[in-house]
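A short write-up of the structure that comes next.
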Amino acid sequence: MPETFPFSFAELPLRPAEFAPRLGSTVVIAPHPDDESLGCGGLLALLCQAQVPVTAILVTDGTMSHPNSQKYPPAARRQLRETEFEAALLALGLTTAPHYMGLPDGNVPVAGAAGFEAAVEQLRMHIRQLSPTTILVPWRRDPHPDHRATSQLVRAALAQLPAPPRLLEYVVWAWERAAPLDLPQPGEVVGWRLDITSVLSQKQQAIAAHRSQLTNLIDDDPTGFQLSPGMLAHFAQPFEVYLEFKSEGNSVSL
């Protein structure tokens, strides 16, 4: 099915849940705690259900969601968000301990910036250690600077591997904040939806584990972030969207 333009995520072809295990051992790379649950929690649950090895890598420390909180200073915010991250992963069925990169929330280095090469090397070491068949990372033009920077880090790390894993990109903020040029362009990607009906309740449990992003748990920062009901509605759908650049190949057929 050719992509339409303007690009419509909801019109992409639907692959069955049984497709998920074909991706093989998988590493999910999340810029912030909650991206893993929002963008690809259903796929992670299906992989775990099929006993396919899954490991998570968290890129940032997550502390900028409530930067002015006195009740939760930076170290406490980081601990809270990592605890929520681990609870969400457990809800999805992941039992392997996650890896933490600890980069500054809101300031993940981009190509050419200080710290970029060191972060690429750190990520490459994790990937070499885990040796996955597939890597999940946010869509490269997802409209959040940390998501875009994370994509750059991942692609730079994979470019230096002799046999890089398959790269699938998931959608978070592009659901409602994408400008036209942020979306996939005609002929750019192979896009598809994955049916996650059977594990949707698990995905919702994982999202709910991120209480600091959903409630007034941190109640002393009026500028603090919360996921809106409208945003959350995108992730209550019985499918998830995955994009794969045609030039990067390694496509697995139905």
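The values are calculated or read from the model by the stated rules, or taken from the named source; none is laboratory data. In this text the structure is predicted, and so the values were computed from the model without any measurement. Note: ideal-geometry Cβ built from the backbone for every residue, glycine included; neighbour counts use all protein chains shown. Accessible surface areas use protein heavy atoms only, side chains included; no ligands, DNA or RNA. Shrake-Rupley method; radii C 1.70, N 1.55, O 1.52, S 1.80 Å.
On the given criteria, is Arg124 surrounded by 18 or more Cβ atoms within 10 Å (Cβ to Cβ), of a type in the set (D, E, K, R) and closer than 18 Å to Arg177 by Cβ?
no
Taking Gly187 as meeting all but one of (1) on the phi < 0 side of the Ramachandran plot; (2) out of contact with any His (no Cβ under 7 Å at 6 or more places or on another chain), write down the number of the exception.
(1)
Would you mind finding the one in Gly93, Gly102, Gly42, Gly106 that is under 14 Å from His147 (Cα atoms) and out of contact with any Ser or Thr (no Cβ under 7 Å at 6 or more places or on another chain)?
Testing whether each residue is under 14 Å from His147 (Cα atoms) and out of contact with any Ser or Thr (no Cβ under 7 Å at 6 or more places or on another chain) leaves just Gly106.
Consider Arg193 against the criteria (1) open to solvent by 20 Å² or more (accessible area, probe 1.4 Å); (2) in a helix (DSSP H, G or I); (3) touching a residue at least 24 places away in the same chain (Cβ under 8 Å): it satisfies all of them except one. Which criterion is unmet?
Single failed check for Arg193: (2).
Check the stretch 183-191 and report whether any residue there is more than 23 Å from Val52 (Cβ to Cβ) and charged (D, E, K, R).
Taking every residue of the stretch 183-191 in turn, at least one turns out to be more than 23 Å from Val52 (Cβ to Cβ) and charged (D, E, K, R).
Filter the stretch 6-62 down to residues that are in a strand (DSSP E or B) and not hydrophobic (A, V, I, L, M, F, W, C) and give me whichever is surrounded by the fewest Cβ atoms within 10 Å (Cβ to Cβ).
Out of the qualifying residues, it is Arg15.
Can you tell me how many residues in the stretch 132-178 are touching a Pro at 6+ places or on another chain (Cβ under 8 Å), open to solvent by 20 Å² or more (accessible area, probe 1.4 Å) and small (Gly, Ala, Ser)?
Number of matching residues: 1.
Residue-wise test of (1) under 18 Å from the mean Cα position of the chain (by Cα); (2) within 13 Å of Gly39 (Cβ to Cβ).
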{"site": "Val199", "(1), (2)": "yes, no"}
{"site": "Lys203", "(1), (2)": "yes, yes"}
{"site": "Ala206", "(1), (2)": "yes, yes"}
{"site": "Ala209", "(1), (2)": "yes, no"}
{"site": "Leu214", "(1), (2)": "yes, no"}
{"site": "Gly230", "(1), (2)": "no, no"}
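Take the stretch 199-225 and flag every residue that is over 17 Å from Lys71 (Cα atoms) and either surrounded by 14 or more Cβ atoms within 10 Å (Cβ to Cβ) or of a type in the set (A, V, I, L, M, F, W, C) (or both).
Val199, Leu200, Gln202, Lys203, Gln204, Gln205, Ala206, Ile207, Ala208, Ala209, His210, Leu214
Step by step: first the residues of the stretch 109-158, then only those that are more than 29 Å from Arg22 (Cβ to Cβ) and of a type in the set (Gly, Ala, Ser), then the one that is nearest to the chain's Cα centre (by Cα). Which residue is that?
Going through the qualifying residues, I end up with Ala149.
Between a residue in the stretch 141-157 that is more than 19 Å from Ala179 (Cβ to Cβ) and any residue that is part of a helix (DSSP H, G or I) and not aliphatic (A, V, I, L, M), which pairs come within a Cβ distance under 6 Å, given they are 6 or more apart or on different chains?
So the pair list comes out as Ala157/Arg124.
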